[in-house]
8 protein chains.
Amino acid sequence: MTKIQAPKIGIIIGSRSDLPVIEKAEKQLKEFGIAYDVTSASAHRTPKNVENYAKTAEQKYDLIIAAAGMAAALPGAVAAHTTLPVIGIPIHSKGLGGHDALFSIVQMPPGVPVATVAIDGARNAAVLAAQILALKYPQLKAKLKKFKAKLAHA
Amino acid sequence: MTKIQAPKIGIIIGSRSDLPVIEKAEKQLKEFGIAYDVTSASAHRTPKNVENYAKTAEQKYDLIIAAAGMAAALPGAVAAHTTLPVIGIPIHSKGLGGHDALFSIVQMPPGVPVATVAIDGARNAAVLAAQILALKYPQLKAKLKKFKAKLAHA
Amino acid sequence: MTKIQAPKIGIIIGSRSDLPVIEKAEKQLKEFGIAYDVTSASAHRTPKNVENYAKTAEQKYDLIIAAAGMAAALPGAVAAHTTLPVIGIPIHSKGLGGHDALFSIVQMPPGVPVATVAIDGARNAAVLAAQILALKYPQLKAKLKKFKAKLAHA
Amino acid sequence: MTKIQAPKIGIIIGSRSDLPVIEKAEKQLKEFGIAYDVTSASAHRTPKNVENYAKTAEQKYDLIIAAAGMAAALPGAVAAHTTLPVIGIPIHSKGLGGHDALFSIVQMPPGVPVATVAIDGARNAAVLAAQILALKYPQLKAKLKKFKAKLAHA
Amino acid sequence: MTKIQAPKIGIIIGSRSDLPVIEKAEKQLKEFGIAYDVTSASAHRTPKNVENYAKTAEQKYDLIIAAAGMAAALPGAVAAHTTLPVIGIPIHSKGLGGHDALFSIVQMPPGVPVATVAIDGARNAAVLAAQILALKYPQLKAKLKKFKAKLAHA
Amino acid sequence: MTKIQAPKIGIIIGSRSDLPVIEKAEKQLKEFGIAYDVTSASAHRTPKNVENYAKTAEQKYDLIIAAAGMAAALPGAVAAHTTLPVIGIPIHSKGLGGHDALFSIVQMPPGVPVATVAIDGARNAAVLAAQILALKYPQLKAKLKKFKAKLAHA
Amino acid sequence: MTKIQAPKIGIIIGSRSDLPVIEKAEKQLKEFGIAYDVTSASAHRTPKNVENYAKTAEQKYDLIIAAAGMAAALPGAVAAHTTLPVIGIPIHSKGLGGHDALFSIVQMPPGVPVATVAIDGARNAAVLAAQILALKYPQLKAKLKKFKAKLAHA
Amino acid sequence: MTKIQAPKIGIIIGSRSDLPVIEKAEKQLKEFGIAYDVTSASAHRTPKNVENYAKTAEQKYDLIIAAAGMAAALPGAVAAHTTLPVIGIPIHSKGLGGHDALFSIVQMPPGVPVATVAIDGARNAAVLAAQILALKYPQLKAKLKKFKAKLAHA
């Protein structure tokens, strides 16, 4: 069982070129004071890294955010190897405009869910992460309420 | 702050006619031993009920599962009034085959996420719920691991 | 019952950043000499504001124009709280190119309609508004006929 | 200018075979006590009938409900010849599942709007019609409020 | 019956702003030595002009090319009033990227066809026109064969 | 140059299993008194037959109607080898519901058009064929006018 | 390096319930005299099995056929762990009608291709497999030529 | 039977303007040391060239890569005339964003498969080609393993 005392999130992307997509997630997590680290590993090019990442995730993270485009197997590949909640961010791309990534991430088979947010919805991935972590870390609850109040005045 | 000692989930559907859609979620939650209740309230026909449900949800629930079809505003309407995690199930319907419900649920604006699962993905809504609740209720962790092991032998 | 003597329309948008979308509606309403005001309130970030707006709309407006993108719940959220006619404008966005907003606005459940116009169809929202108001304010009828005649020579 | 004393709606369909689609609109209009008649005329097969219908509509109707499938030109063809509000109902069909009718009805060019409701959304066409007519016939306002209250208890 | 001695085509567009779309049709018709004229009339803004155009088309034209975007009713509206062949060009637009115009033009109801070419396929509209006219004007046959031979060496 | 004295149409389908799709075309051609024959040849399984069919078509036919589903290359493959007008009928199939056949037939490259009608629009293929042939065979003009008049009373 | 003397194919499906989908592939492989076995393993429920299957595939198979529906990660997950050619069959399902499986299988990232065939295109997966294996096993070439000749007479 | 001693691939594109699309395929093939040549021939404009190319391909090539946009008949037209494996690359274009090319290439009828890769997926076409050729040319196996190892460190 996890020994984590403070909330910690693992963000995983398929390629360093996806870093700009998750910037808003990082910014939002910082605002919530939630620690995170970012790993680049590909479900198709470095599946072993993804597997190892997912299998050891429980020792390090409370939950995982995974962003991917096109066939977008990464969130599901992580979910396959962990019972931590996995939040998936479909990344917009030319061609099919994100339909491909959205369908690939959200249409998971029974037993292995991915909590999917909007196309390029990195900020919401962070907010959803905070909502989930607040179940375990009560101090986040207050931050979320402040955040929600601030939203109302943005 | 919530005083809940045992995990408790609120399931909300827009209409009694959606009950068959969530049967698999109910069955799965029972298997995990997670308590839940089912409420029928519509974001468009009984918005006040939805609002009251969402606003008082924190006293009763750890998280909310909301299922809806077509314009499918219910999950987002619940999310608007709570900082609990909200899991959304898009319901398949004729006409646009679930494209409408999926897009209406997953494409939430920044600040108010809905954790979207597959079209008619009620069972996964329950599994995702258990994964999230396991952060707070350690006894669920073991059940999830058994569940995952059993999946592998189904 | 409303005491309004001159036609008055409420335009509501989810965010100040949507102002450019409704400019053509404003221009057209001015041409028809129809008074309006613009409110920014979000179905997801400030649902209470939307509710209050919709519930008091009858004292102030003859009808409401609501524009929204992505999950686009705003028009339906307004319609949920009023019996005034609500005209919905789906806003184009990257990702799904407006499919999401269109489906979210037009696919309303039985009992709570939104009169949907084209993606980014702000000008037509204003024309439709004038056509509706002309039922009550006969002076608009003549303006509409002139407008239609002018269309034919544009 | 119209001399109509009681609310009156014209429903137009492209073919007698579309009658089942509008049954829910008829039932709802009867509940509201709104008179209507049903005309069958096709924008493509009997365009002159549609034109005559639309041009004389003002003497007979307060607004028009037009239902059509596939290329679904009927609502727009009616709107082209009148300044009355026109409500369009896209009819589901095999092949493209209603995408075709929806796009053909909602994507009207600037100047000639059609108030589009959901695919096969005949009941909502009637409710929208009542909301619009209530601007002119105050007695409908009370009926709509009762209807909305009843919706909340369905 | 038509008295036309040399091939003559009517090109109709919904608005002067569509002129660039048909440039390639014009260029190709000139290469084939086929006379044409271009008319701007809108199925929705100037339906009477479209009707008159279509009804008198037989005295002037052998066939008609109609280009339109969005709800794209123009080709069908012309076809409704003539038994001449009508070729339809769906025009690409933002929002739905031409899906709307394509579906609106191609999905015509039984009895009133429109010969639809590719989105923005103006050049092919002209080639198809020449192929059709060659049935009546044998001199075009040779030109088409040369054209086809040249295509093979482009 | 063709020596055909009476109108003659070649109908080509990719497989005998597509015969039911073209029944309405056959019925309509018979009503117009237009001779036709039906050939089964596949652009992918018997391309040489398609090529021979298309290359000799001018001696036998005034125009060709080609129906195909899925990748639906047949109409284009015929058009590649003839300068006769080719009318394409996209056939509905499960999976992508006719989107695939429609896109494959209508999106032809510059120089080689296919006159596309609605998904499963066999009757309209026949009507379009008659409209085209009427340019060459004046007796068809009267039949088309009667047909159009009858349409108006159906 | 593989020691395989006779062609051998591995077919993998995500679940026993997909067996009917691959029946046509089995029948076709038998006709070609190509040995195969069928394995059921899920990219999401039994990823380790998929990994082991893929990693040891080279000792047993010349190529792999993988069929999957919805998020359809299986073909890509196999491809991630082998340099054997992987043929992917998207399986049709309700909801999104196969769009989801098709996009999830075909839109693979650079470096890890899946050779995708039509939705439910199991027979073609077998034919493609035979075409590929014929490069290594010359006896298959003659069978393919006979098959192609027979196709032409079906 | 082919006499080829070293791997050789034929790349075919519909038009010289598609050359940039296949650059990544060329670069990748060079990295693998696989010889190739590029031919431009159109299934619709120069079908005879495509046929000749495909029919003689066996003497020259081990497999064929075909790239095409819009109706994208080229890969299937090649596959119709050869039993070599054909890899198809759907090319993105405006209008339908590659949906058209993807559906036209992947939805091949039973008996004549095309191994389809992602929209604009030229690099993967080359990788898939190498995977297929490795069955015949063992030296490629080692290169593919190095390539896969390098992918993992990119």
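Where a number appears in this text, it was derived from the coordinates with a stated rule and is not lab data. Only a predicted model underlies this, so the values are computations on that prediction, with no experimental measurement involved. Backbone-built Cβ (ideal geometry, glycine too); neighbour counts: all protein chains shown.
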Test of understanding: ordering C:V78, A:V117, A:V21 by Cβ neighbours within 10 Å, fewest first, what list do you get?
A:V21, C:V78, A:V117
All alpha-carbon distances of chain C, grouped into 10 Å bins from 0, give the whole-percent distribution 12, 43, 34, 10, 1
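Taking only the alpha-carbon atoms of the stretch F:66-125, what semi-axes of the equivalent ellipsoid follow from 5 times the gyration tensor eigenvalues under a square root, in whole Å, largest first? Could you put the intermediate results ahead of the total?
Details: eigenvalues 68, 28, 14 Å².
They are 18, 12, 8 Å, listed from largest to smallest.
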Relative to the longest principal Cα axis of chain F, at what angle does helix F:139-151 sit, 0 to 90 degrees, rounded to 10?
80 degrees
The long-range amide H neighbours of H:I12, using H built 1.01 Å from N in the peptide plane and a cut-off of under 5 Å, are H:T39, H:I65, H:A66, H:A67
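Tell me, what does the Kirkwood hydrodynamic radius of the protein assembly as shown come to in angstroms if you use every pair of distinct C-alpha atoms?
Working: mean 1/r = 0.0321 Å⁻¹.
One decimal place: 31.2 Å for the Kirkwood radius.
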Which residue fluctuates the most in chain B, going by a Gaussian network model with Cα springs under 10 Å, if the choices are B:P75, B:P47, B:P20?
B:P20
Which one of H:G98, H:G76, H:G111 has the biggest mean-square fluctuation once chain H is modelled by GNM with Cα springs under 10 Å?
H:G111
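Once you keep just the Cα pairs under 8 angstrom separated by 6 or more residues, what percentage relative contact order results for chain G? Kindly include the intermediate steps, with their values, before the conclusion.
Working: 290 pairs, mean separation 36.3, N = 154.
Value for chain G: 24 percent.
Arranged by the count of other C-beta atoms within 10 angstrom, fewest first, what order do D:D18, D:D37 take? All intermediate terms of the calculation are to be shown ahead of the outcome.
Working: D:D18 19, D:D37 11.
Taking fewest neighbouring Cβ atoms as first place, the list is D:D37, D:D18.
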Enumerate the calculated ³J(HN,Hα) couplings along the stretch G:101-115 in order (Karplus 6.51 cos²θ - 1.76 cosθ + 1.60, θ = phi - 60°), each rounded to whole Hz, writing x wherever the residue is Gly or Pro.
5, 4, 5, 5, 8, 7, 7, 5, x, x, x, 9, x, 10, 7
Cut-off under 5 Å, modelled amide H: who pairs with D:G98 long-range:
D:S93
In deg cm²/dmol, rounded to 500, what helix-only [θ] at 222 nm does the protein assembly as shown give when every DSSP H run of at least 4 residues adds -39500 (n - 2.57) and the total is split over its residues?
-12500 deg cm²/dmol
Using only Cα atoms and rounding to the nearest 10 degrees, what angle (0 to 90) does helix H:122-133 make with the longest principal axis of chain H?
60 degrees
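With loop defined by DSSP as not H, G, I, E or B, and exposure as at most 13 other Cβ atoms within 10 Å, which is the longest segment of chain D clear of exposed trypsin sites (Lys or Arg not before Pro)? Could you put the intermediate results ahead of the total?
Details: sites that count: D:K3, D:K94.
That gives D:4-93 as the longest site-free run.
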Report, to the nearest 10°, how far helix B:19-32 tilts away from the longest principal axis of the Cα atoms in chain B, using its own Cα long axis and a range of 0 to 90°.
20 degrees
Averaged across C:141-150, how many Cβ atoms of other chains sit within 10 Å of each residue's Cβ atom?
3
Identify which of G:S93, G:S42, G:S104 has the largest mean-square fluctuation in a Gaussian network model of chain G, with springs joining Cα atoms closer than 10 Å.
G:S93
